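Working notes for the structure below.
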Amino acid sequence: SQGALIALHAARESTPDPPFSGLVLWEPPMPWEDWYDGGWGRATLESPPDDAAEFFLRGVLGDDVWERLPENLREERRAEGAALRADLHASRTTRGRLLPGVVAVDVIVGTGGRSAPHNRRTAEVTAEMIPGAALVTVDEAAHGVQLDAPAGLAAVIDRAGAGREPA
């Protein structure tokens, strides 16, 4: 989701000649909107960097997966806390906001059928903001689509790569 913001900004900044042919965006966060429930991001920003990374990844991966990671990998991820906080902070600035407009590549915006309402809404709003963007729902997915519905996400990416509209 945070990567969707970064990718979309990269696509806009490189238009009309981006170095890629399309984007698949997953529920880009919109913490600047009054209706967006950004409590998780705010809590991450309020934590010390190492703790912020662990808090964020426990939320994404779940406690069981986090605990199964080798200690050295957990420490590497914790060390990325400052960068994570910088990304989250940037998404809350005026420059980080998504603005309506044309992107010179095909865009598919995905959402999960089991995602929280604010995450589903971000996907819908994003798709409306980008002319020609397709909105796709992976019914069995939540916000962490790569963990709970990887086959559904892969199908969307495969269809996008083949130049076909997703089902």
Point to revise | Some residue of segment 10-20 being surrounded by 14 or more Cβ atoms within 10 Å (Cβ to Cβ) and assigned to a strand (DSSP E or B) | key: no
Check your understanding: Is it the case that some residue within segment 72-80 is surrounded by 14 or more Cβ atoms within 10 Å (Cβ to Cβ), within 20 Å of L5 (Cα to Cα) and out of contact with any Gly (no Cβ under 9 Å at 6 or more places or on another chain)?
Key -> yes
Review point. For segment 95-112, how many residues are in contact with a Gly (Cβ under 6 Å, 6 or more places away or on another chain) and either farther than 14 Å from A133 by Cα or polar (S, T, N, Q) (or both)?
Key: 0
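With respect to E27, is the statement that it is surrounded by fewer than 16 Cβ atoms within 10 Å (Cβ to Cβ) and among the charged types (D, E, K, R) true?
no
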**Study point:** Residues (assigned to a helix (DSSP H, G or I) and over 16 Å from the mean Cα position of the chain (by Cα)) located in segment 43-52
**Key:** A43, L45, P49, D50, D51, A52
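Specify which of the listed residues (L135, L99) is under 17 Å from I6 (Cα atoms) and open to solvent by 10 Å² or more (accessible area, probe 1.4 Å).
After ruling out the rest, the residue left standing is L99.
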Practice item. Say whether the condition of being of a type in the set (D, E) and over 20 Å from the mean Cα position of the chain (by Cα) is met by at least one residue in segment 17-28. Key: yes
Exercise for review: Kindly indicate the residue of segment 33-67 that is hydrophobic (A, V, I, L, M, F, W, C) and open to solvent by less than 40 Å² (accessible area, probe 1.4 Å) and also modelled with the lowest pLDDT among those meeting that condition.
Suggested key: A43
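The values are calculated or read from the model by the stated rules, or taken from the named source; none is laboratory data. On a predicted model such as this, the values are computed, not experimentally measured, just so you know. Positions of Cβ are backbone-derived with ideal geometry, glycine not excepted, and every protein chain shown enters the neighbour counts. The protein model used for the area step is the full one, side chains on, heavy atoms only, and it has no ligands, DNA or RNA in it. Shrake-Rupley method; radii C 1.70, N 1.55, O 1.52, S 1.80 Å.
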